[in-house]
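Right, one structure below, let's go through it.
Nothing in this text is a laboratory measurement; each read-out follows from the coordinates by a stated rule. Just so you know, these numbers come straight off a predicted model, no measurement behind them. All Cβ positions, glycine included, derive from the backbone under ideal geometry; neighbour counts span all protein chains shown.
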Amino acid sequence: MNDLLTHEVLRTTEKLYYQDQYLTAADTQVARVHADALELDSTVAYPEGGGQEADFGTIELPIGTLRFIWAKKLYGTPIRLEGFKGGKLGGIILHMIHPEDLHLLEQVTAGMPARVCIDAERRDRLTVSHSASHFLYAAAIAVRQELEQWTIGCHIKEDGARFDFLVEEPFSAEDVREIERRANELIAWQDAIENTAVQGFEDARLWSYRGIEIPCGGTHLDSPQRIGRLHVRRKRLGKSKERLMCEFPDAAIDLSAYREHRA
Ligand SMILES: [Zn+2]
């Protein structure tokens with residue numbers, strides 16, 4: 001294999017959010033400057049993954065502060081573990097720079113000291129939403145088991161989460177009521193949510209709650225308490241395509257656990 005290509009594939013960004021998901025800032029340095037993005041040696045920014053939207057934030061450099069409006073993961077190697085289809089190990093994280101700050105990139109060089117900070121409130125909202133989505137999903141599978149193999153997508157935003165399914169039969173009003181009831185019943189237990197790395201692979205992660213296990217690398221709460229009551233709706237997307245959506249208008253945002261990383 002071409003040496004340059006090997007080097008590309010082997011480069012990784014240290015994922016500080018897996019060491020501590022409450023970190024809002026960290027000191028690092030620039031690994032590489034891309035046309036519209038910055039790659040850092042390490043980051044607290046969660047990249048888009050598993051349906052969860054990416055963090056937003058800033059990168060403070062000696063030449064000024066650049067805003068990033070998205071983060072994405074590239075070049076991971078597939079996880080060869082049962083149940084982790086589509087998951088990737090390692091890889092690099094690109095911080096996509098705000099269009100108005102792109103002109104500053106030409107002054108940035110590899111090795112430059114950098115401080116990466118995220119919008120903690122957005123992260124907390126995404127974390128609540130992501131956790132809520134698992135209760136929606138677990139309840140949906142409990143009501144209609146075939147959904148598990150016909151899930152075609154999910155999207156986790158700050159104010160709601162949704163799953164899309166390929167199903168012949170539309171969800172009935174009764175299905176939706178029962179899914180909502182079960183999801184809220186799970187939340188009401190207020191048990192501990194566990195997030196663990198499987199077999200030492202930091203990217204192969206498992207969400208578990210009361211015996212329900214879902215492979216997932218996103219950021220999650222450690223208890224469902226802050227989600228509050230889930231509201232579930234459905235939408236027909238076209239022939240054989242259904243969407244389930246949840247909202248959580250009573251969710252409590254709490255930034256007290258978040259902190260900056262000090263080297
Ligand atoms: Zn998750």
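Taking every DSSP bridge with both residues inside the chain, close to 90 percent are antiparallel.
The orientation-averaged projected area of the convex hull spanned by the Cα atoms of region 221-263 comes to 5.5 nm².
Shape descriptor for region 126-263: Rg over Rh equals 0.99 (Cα atoms; Rh from the Kirkwood inverse mean 1/r). Spacing of the modelled spin labels on Leu89 and Val33, each 7 Å from Cα toward Cβ, amounts to 3.4 nm. With one equal scatterer per alpha carbon and no solvent term, the Debye-computed log10 I(q)/I(0) for region 61-167 at 0.13, 0.14, 0.20, 0.24 1/Å reads -0.73, -0.82, -1.19, -1.32. Pairwise alpha-carbon distances in region 3-118 exceed 26 Å for 17% of all pairs. Net length available on complete extension from Glu169 to Arg236 is 23.1 nm, with 0.36 nm assigned per residue and the Cα-Cα distance removed. Compactness of the chain, taken as the C-alpha radius of gyration over 2.2 N^0.38 Å, stands at 1.07. Comparing Cα centroids, region 70-98 and region 143-200 end up 23 angstrom apart. Distance cut-off 24 Å, Cα to Cα: go down the list Lys157/Lys241; Lys88/Lys157; Lys15/Lys88; Lys88/Lys235 and report the pairs above it. From Lys157/Lys241; Lys88/Lys157; Lys15/Lys88; Lys88/Lys235, over 24 Å: Lys88/Lys235.
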